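First comes the structure, then the notes that go with it.
Only the coordinates and a few stated rules stand behind these numbers; no lab work does. None of the values given here were measured: they were computed from a predicted structure.
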Amino acid sequence: MQSKHIVIIGGTSGSGRVLVRRLSENQARVSLLGRHPSPEVQQHLPGVHFYPVDLQNISTVLEVINKVVADNGKITHLIFFQRFREKENNWEGELQISLTATKEIIEAGTEVFDGSGENSIVVVSSIAGHLIHSEQPVSYHVAKSGLNQMVRYYAVLLGSRGIRVNCVSPSIMMKDESRQYYVEKEDLRKLYEKIIPLHRMGKAEDIADVIEFLCSDKASYITGQEIIVDGGLSLVGQSSLAKHLWDTNHLKIT
Ligand SMILES: NC(=O)c1ccc[n+]([C@@H]2O[C@H](COP(=O)([O-])OP(=O)(O)OC[C@H]3O[C@@H](n4cnc5c(N)ncnc54)[C@H](OP(=O)(O)O)[C@@H]3O)[C@@H](O)[C@H]2O)c1
């Protein structure tokens with residue numbers, strides 16, 4: 001992604017942080033927006049410019065987008081990783097951080113794309129846009145399915161301007177922040193590995209790979225699509241999964 005100017009929303013932790021590191025290694029120009037810079041960004045990652053923003057305050061974010069362009073040039077790619085993580089107010093908060101912020105930034109950002117005809121937007125969604133993960137609130141599911149439709153909407157609207165819009169939907173993933181959890185819960189990790197058709201958990205690097213592909217000219221005829229990155233987990237039928245867990249004594253019925 002050399003010589004491109006990539007704006008990343010919410011790449012200060014988790015899977016976004018991995019992509020930011022990788023882009024820095026590849027000498028890309030990155031403008032990173034979030035509230036808390038990661039330790040490596042604080043210590044200076046080459047090519048990465050951090051802009052503190054709170055996506056709850058959208059008018060400030062739009063001012064920051066203008067500053068990003070003034071400092072680092074017009075945008076070639078726009079990538080959304082943000083995830084609402086507060087315990088309180090999760091209906092309004094989730095819709096604001098996931099849906100409203102994405103819509104407002106896309107609408108402002110497309111005005112400041114470089115017009116090369118090779119621009120793209122990638123939104124990180126979730127398999128929860130289709131399936132129900134009962135440990136997550138309803139707001140997360142609604143926001144993710146809304147993002148999927150938003151991607152299709154903007155793909156149609158922005159195609160004539162040479163802007164492709166796609167999304168990536170992970171399922172359960174191992175990231176730096178959750179590694180210790182899965183070290184402590186080794187049985188759970190092994191169980192996930194067993195039921196995932198590719199027999200391993202997803203990694204932040206898997207998401208970064210797909211985003212790099214979607215932002216490359218190898219994807220130049222792909223727009224409005226969702227790529228599910230889950231090792232095939234969402235394809236497994238619930239009844240055969242239940243049968244497998246039953247057969248292998250993994251199912252506890254209390
Ligand atoms: N982890 C998984 O297993 C998994 C599974 C399926 C889908 N996903 C999706 O993948 C994406 C990344 O997930 P993740 O777990 O890697 O995320 P994460 O570690 O929770 O990171 C979320 C990012 O959102 C930013 N953010 C949150 N609230 C913000 C606010 N008010 N203003 C500005 N930035 C804000 C955070 O930045 P600051 O803290 O710096 O503000 C952070 O960089 C999300 O869209 C998530 O839904 C993840």
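Values computed for the structure shown
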{"quantity": "Helical mean residue ellipticity (222 nm; -39500 (n - 2.57) per DSSP H run of 4+; nearest 500) of the chain", "calculated": "-12500 deg cm²/dmol"}
{"quantity": "For Ile121, residues with placed amide H under 5 Å, excluding near neighbours", "calculated": "Leu78, Arg164, Val165, Asn166"}
{"quantity": "Distant-in-sequence amide H partners of Glu226 (H built 1.01 Å from N, under 5 Å)", "calculated": "Cys167"}
{"quantity": "Along each principal axis, Cα extent of the stretch 1-105, largest first, Å", "calculated": "39, 25, 19"}
{"quantity": "For the stretch 94-211, the spread of Cα positions along each principal axis, largest first, Å", "calculated": "50, 29, 24"}
{"quantity": "At least 24 Å along the helix axis (C-alpha) and Kyte average at least 0.0, DSSP helices within the chain", "calculated": "138-158"}
{"quantity": "Stokes-Einstein D for the stretch 111-162, Kirkwood Rh over Cα pairs, 25 °C, 0.890 mPa s (µm²/s)", "calculated": "196 µm²/s"}
{"quantity": "Potential extension, Asp209-His133 segment - 0.36 nm per residue separation minus Cα distance", "calculated": "24.9 nm"}
{"quantity": "Listed pairs Lys175/Lys203; Lys87/Lys185; Lys4/Lys103; Lys144/Lys175 exceeding 18 Å between Cα atoms", "calculated": "Lys87/Lys185; Lys4/Lys103; Lys144/Lys175"}
{"quantity": "Share of Cα-Cα pairs in the chain lying beyond 32 Å, as whole percent", "calculated": "22 percent"}
